[in-house]
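For reference, the structure discussed in these notes is given below.
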Amino acid sequence: MVTLAGCGDDGKSDTAKSSASPSPSGSPSAAPPPKIVDGPLPGITAGTKFDEKPTVAKGTGEPSENLAVRTVIAGNGQTVAENDYIQANYLGQIWDTAKVFDNSYDRKTPLVIQLAQGGIIDGWRYGLVGKKAGSRVEMAVPPTWGYGKQGNTQAGIKGTDTLVFVVDIQQTFNAKSSAKGKDVPQTDANLPKVGTNTDGKAPSIEVPKAAAPTKLVANYVIEGDGEEVQADSSVLVQYKGVLWDGGKEFDSTYGRGQLTSFSLQQVVKGWAQGLTGKKVGSRVLIVVPPSLGYGDNPPSGSGIKKDSTLVFSVDILAKM
């Protein structure tokens, strides 16, 4: 991502962040796809509403050698596909002991993670695909599609443990995701005008024939109603970047057909300052002067000349 990294960004800040939490973060697996069955699964004895912290009974008898998946509450939102990012609350415990090894409900922060090989355990990757946002899903994940024979020492998970998860899927995001909110009037003729389409296609950016601003511009194009992004937040975004001089596009998630995520502590100052305080769900126009962008040291091969003013449209899809 030539447009963002102040000192290098591998586009995997979401995975790096989630690895501090023992439950769904995973590693590449050579296991074949599992057979998915509907049980056995322990009962949910309390916290039975969607997005309410559940209490789950101890597993009885031997768990299935296959991946057991049950939709406890059926949502009616967008269908989850492999390689989507999902936003979800979850609880994980061990089948034999009912020991809870992790949950997001107590942290008051849903997990945002990609259902991609290497970024998440295979039980999630296979068990949640095809489910709809708004659904509560319970899964019993054998070691083969969990942490394998090595287990997860940090979480107290042995290599023989079957794991039980309850997952409340709040939202799902893919390359067609866009901002959601109210259009904000763009009345300054000296600033670029950004398209307000929300069909997942790249918005237009019309750069005026005027002198570039010398200070950072960060204005709502579409104002969402989510929580505000903090200076140390990680975010999931769609974006498009063009040069002020000539309006030529130099980078875009739309062109790659792939969302990207990063920490605001890993990007150029113009992005970090421009997105701080903005609401999730919004589309933001950011005009980055050279002093807050790449100055006289643009990335090699980026098509960005020295001392270029950069113009971005950024859709903040989720806070991670």
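The values are calculated or read from the model by the stated rules, or taken from the named source; none is laboratory data. Note that the structure is predicted; figures quoted are calculated from it, not measured. Here Cβ is always computed from backbone atoms with ideal geometry, including for glycine, and neighbour counts include all displayed protein chains.
Residues checked against (1) farther than 19 Å from LYS158 by Cβ; (2) in contact with a helix residue (DSSP H, G or I) (Cβ under 8 Å, 6 or more places away or on another chain); (3) among the charged types (D, E, K, R); (4) in a strand (DSSP E or B):
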site: LEU41; (1), (2), (3), (4): yes, no, no, no
site: THR45; (1), (2), (3), (4): yes, no, no, yes
site: THR71; (1), (2), (3), (4): yes, no, no, yes
site: ALA98; (1), (2), (3), (4): no, no, no, no
site: GLU138; (1), (2), (3), (4): yes, no, yes, yes
Looking only at residues that are in a loop (DSSP other than H, G, I, E, B) and out of contact with any Leu (no Cβ under 6 Å at 6 or more places or on another chain) in the stretch 100-114, which one is surrounded by the fewest Cβ atoms within 10 Å (Cβ to Cβ)? LYS108
List pairs: first residue in the stretch 241-270 and on the phi > 0 side of the Ramachandran plot, second residue in a strand (DSSP E or B) and of a type in the set (Asp, Glu) anywhere in the structure, Cβ distance under 8 angstrom, at least six positions apart or on different chains. GLY247/GLU206
Subset of the stretch 152-179 that is assigned to a loop (DSSP other than H, G, I, E, B) and under 30 Å from LYS201 (Cβ atoms) - its residue that is nearest to the chain's Cα centre (by Cα): ASN174
Output the residues belonging to the stretch 15-66 that are farther than 19 Å from VAL129 by Cα, crowded, with 16+ Cβ neighbours inside 10 Å and modelled with pLDDT under 95. LYS17, SER18, SER21, PRO22
Scope the stretch 189-211; condition more than 16 Å from VAL314 (Cβ to Cβ) and either free of Cβ contacts under 8 Å to residues at least 24 places away in the same chain or of a type in the set (Lys, Arg) (or both); matching residues: ALA189, ASN190, ASP199, PRO208, LYS209, ALA210, ALA211
Within the stretch 223-254, restricting attention to residues that are assigned to a loop (DSSP other than H, G, I, E, B) and of a type in the set (D, E, K, R), which residue is nearest to SER177 (Cα to Cα)? ASP225
A careful count of residues in the stretch 198-222 that are touching a Pro at 6+ places or on another chain (Cβ under 8 Å), of a type outside the set (A, V, I, L, M) and outside any loop (DSSP other than H, G, I, E, B) gives 1
Among the residues listed as GLY130, GLY118, the single one being at pLDDT below 95, at positive phi and not assigned by TED's automatic domain parsing to the domain that holds PRO289: GLY118
Would you confirm, using the coordinates I've provided, whether GLN171 is out of contact with any Phe, Trp or Tyr (no Cβ under 7 Å at 6 or more places or on another chain), within 30 Å of ASN66 (Cβ to Cβ), buried (at least 16 other Cβ atoms within 10 Å of the Cβ) and at pLDDT 95 or above? yes
